[in-house]
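Notes follow the structure.
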Amino acid sequence: MVRIMPVDRMDDEEVREILTNYRKIALVGASPKPERDANRVMRYLLEHGYEVYPVNPRYDEVLGRKCYPSVLEVPDEVEIVDLFVRPEFTMDYVEQAVKKGAKVVWFQFRTYDRDAFKRAREMGLTAVAHRCIKQEHERLLG
């Protein structure tokens, strides 16, 4: 039986370790619109040396990078799947993260789905929720 930790139990050192050790991020829900959080976060991550693969079937390109319709179509290794989609869509991306061999699923603010979070943990992924990857990077490493 897999023990599911409450979402608020991840400490700063664990988050710091994720942000330091994993550099390849599939950003799901990527947007070319500069007013969108996904765009600001992607720009920030790129500026801080992360390899970011935008994922959104609506766009061909975001911030000058080829945009992929799914995590599974990213041609490179993916370590973190960063979710900027509504909660009801997160389970599909958790399943894609598992198939892709990702290590972490990051549920941005307002994307948390209990079942998807639980599934990620049961499948051996580290799951982070109710935190912004950009804000955590600024706070812990910036």
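The values are calculated or read from the model by the stated rules, or taken from the named source; none is laboratory data. Source: prediction; values computed, not measured. Neighbour counts are summed over all protein chains in view; Cβ atoms, including those assigned to glycine, are modelled from backbone coordinates with ideal geometry. These area figures cover heavy atoms from the full protein model, side chains too; ligands, DNA and RNA do not enter into them. Shrake-Rupley method; radii C 1.70, N 1.55, O 1.52, S 1.80 Å.
Filtered by the rule that a residue be within 11 Å of LEU19 (Cβ to Cβ) and over 14 Å from the mean Cα position of the chain (by Cα), the range 108-142 gives GLU138, ARG139, LEU140, LEU141, GLY142. Of all residue pairs spaced 6 or more apart or on separate chains, those with beta-carbon atoms under 7 Å, a first member in the range 83-103 that is charged (D, E, K, R) and a second member that is in a helix (DSSP H, G or I) are LYS99/LEU72; LYS100/VAL71; LYS100/LEU72. Please work out which one of (1) touching a residue at least 24 places away in the same chain (Cβ under 8 Å); (2) crowded, with 16+ Cβ neighbours inside 10 Å is the condition ASP76 fails and give its number. Every condition holds for ASP76 apart from (2). For the range 104-135, a residue qualifies if it is free of Cβ contacts under 8 Å to residues at least 40 places away in the same chain, of a type in the set (Lys, Arg) and touching a helix residue (DSSP H, G or I) at 6+ places or on another chain (Cβ under 8 Å), and the qualifying residues are ARG110, ARG119.
When the range 86-142 is limited to residues that are aromatic (Phe, Trp, Tyr) and outside any strand (DSSP E or B), the one that is least open to solvent (accessible area, probe 1.4 Å) turns out to be PHE117.
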